[in-house]
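Notes to accompany the following structure.
The values are calculated or read from the model by the stated rules, or taken from the named source; none is laboratory data. Every value quoted in this text rests on a predicted model; they were computed, and no experiment measured them. Heads up, the Cβs are rebuilt from the backbone with ideal geometry, glycines too, and the neighbour counts pull from every protein chain shown. For accessibility, only protein heavy atoms count, side chains too; no ligands or nucleic acids. Shrake-Rupley method; radii C 1.70, N 1.55, O 1.52, S 1.80 Å.
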Amino acid sequence: MRKILIVGLLIVFSMQNVFATTSLENAPSSWAKEEVESAISETLIPEYMQTGYKENISRGDLCSVIARTYCKIKNVKMESLIKEKSKFKDVDFSKEYGDYIKACETLGYIKGITATSFAPENELTREQMAVILYRFKNDVSKDKLPVGNKKYKDNNKISSWAKSAVKSVSALGIMKGNAGNLFGPKGKLTREQAYLTVNRTYNSSKGEEPEDKEVVDKKEENKEQEKDNEAVETSDDEKKTNESVEKNDNDKKADKSLEKNKTEKVDNKQVEEDNNTKKDNLDAKKEKVAPIEEKKETLDLEQMKKQVLNLVNKEREKAGVAPVKECAKYNDYADLRAKEIVEKFSHTRPDGSSCFSGMSNYKTVGENIAGGQSTPEIVMNDWMHSEGHKANILNGQYEELSVGIKYDDASEYKYYWVQLFYTPR
């Protein structure tokens, strides 16, 4: 049986093979759109960060949002927070986040990882964000913060230095759990998720209750669930945070917080109509030649990858689009993704993270996946007869391509294919 998944929402059933496509669009997810737009309208988000909403946010970029939000709440000018000299030696202060890091150094919400290192490009985890928001909210709030008694199923995964902060921001409704009553402490934080939490902090500091909206939508639920052995980089100051937070908590009164799980609804009628349309289209154009049976030991996967790249560039040439070159940087990751879709055929990885979580420093990225096609010609034929996959293949914004292939004779589809399109910054 063949099934097609378009951007994680549309599933079409046909015959024999399975494939899917997705791309990282320059717009926030539907579940985040309202609150992201609210944050932008309040000038909390600098213009250079009003893009790449699904990217993981860096420490330097978070400083830009935190510092602007503080100035908005306190009605102070950014210049008043900026030190002439910074103790951090690893920051390029000519970058957009340069002055914001200096401001946050003054505020003390985001600590350095050492006495002289800030690591501005490092990504943040959810538990690290909880600690930062706790420090921020505790500083700007006129009221005592709640201790909180929220219990998540993965409480044992939350680091000791973050436990009290997680409870408090959960009670405030600033941060909320993922599907299944999980907090996902080691999961990476995306820009749009950071914008939501900062917007809620801003609104609650104005005396408004944060909107009770689930942080993840149905198609991305469990996105923040982490692997048990995932490493977390923390500073000495962060490790001491739990001690200071608990001391502060002992003097504070607990509030009650109402949380309702909301998930994005799919228009079933439209999906059914789209399913029928895609099925008819694919059945009419499907490959007439029977798949070639090949033995595992005779497969030349590297040669097959090159054939896919060549076929992609032939199609781009026909469409008048510049060719893509091989992206050696992510070849290994493409192979890993091919192995992962044997276990879970989805743009969400088996650990719950996005298919783009293994990529960084990009302008644009996209993924096509497929299963069951025994040759490069067959898989390209299927992809080119699906509008979503074809759009990725012919997207003129992409400059590079990594191809991953996995053959697993014991699995349902045996052949698994991945295209990772990439444009570096």
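Look at the range 332-343: where a residue is farther than 17 Å from residue 308 by Cβ, no partner that is in a helix (DSSP H, G or I) and modelled with pLDDT under 95 sits 6+ places away or on another chain with Cβ atoms under 6 Å.
Which of the residues spanning the range 179-190 are buried (at least 24 other Cβ atoms within 10 Å of the Cβ) and not in a loop (DSSP other than H, G, I, E, B)? Answer for the range 179-190, where residues must be buried (at least 24 other Cβ atoms within 10 Å of the Cβ) and not in a loop (DSSP other than H, G, I, E, B): just 190. Taken over the range 64-86, residues that are in contact with a Pro (Cβ under 8 Å, 6 or more places away or on another chain) and buried (at least 23 other Cβ atoms within 10 Å of the Cβ) amount to 2. If I ask for residues that are open to solvent by 50 Å² or more (accessible area, probe 1.4 Å) and over 27 Å from residue 183 (Cβ atoms), which ones from the range 87-112 would you list? Answer for the range 87-112, where residues must be open to solvent by 50 Å² or more (accessible area, probe 1.4 Å) and over 27 Å from residue 183 (Cβ atoms): 87, 89, 90, 92, 93, 94, 95, 96, 99, 106. For beta carbons closer than 6 Å, sequence separation of 6+ or different chains, a first residue in the range 109-129 that is part of a helix (DSSP H, G or I) and a second that is among the hydroxyl-bearing types (Ser, Thr, Tyr), the qualifying pairs are 127/159.
Evaluated against (1) within 28 Å of residue 425 (Cα to Cα); (2) surrounded by 23 or more Cβ atoms within 10 Å (Cβ to Cβ), residue 136 falls short on exactly one condition, (1). Scanning the range 113-133 for residues that are under 15 Å from residue 167 (Cβ atoms) and either within 18 Å of the chain's Cα centre (by Cα) or open to solvent by 10 Å² or more (accessible area, probe 1.4 Å) (or both) yields 126, 127, 129, 130.
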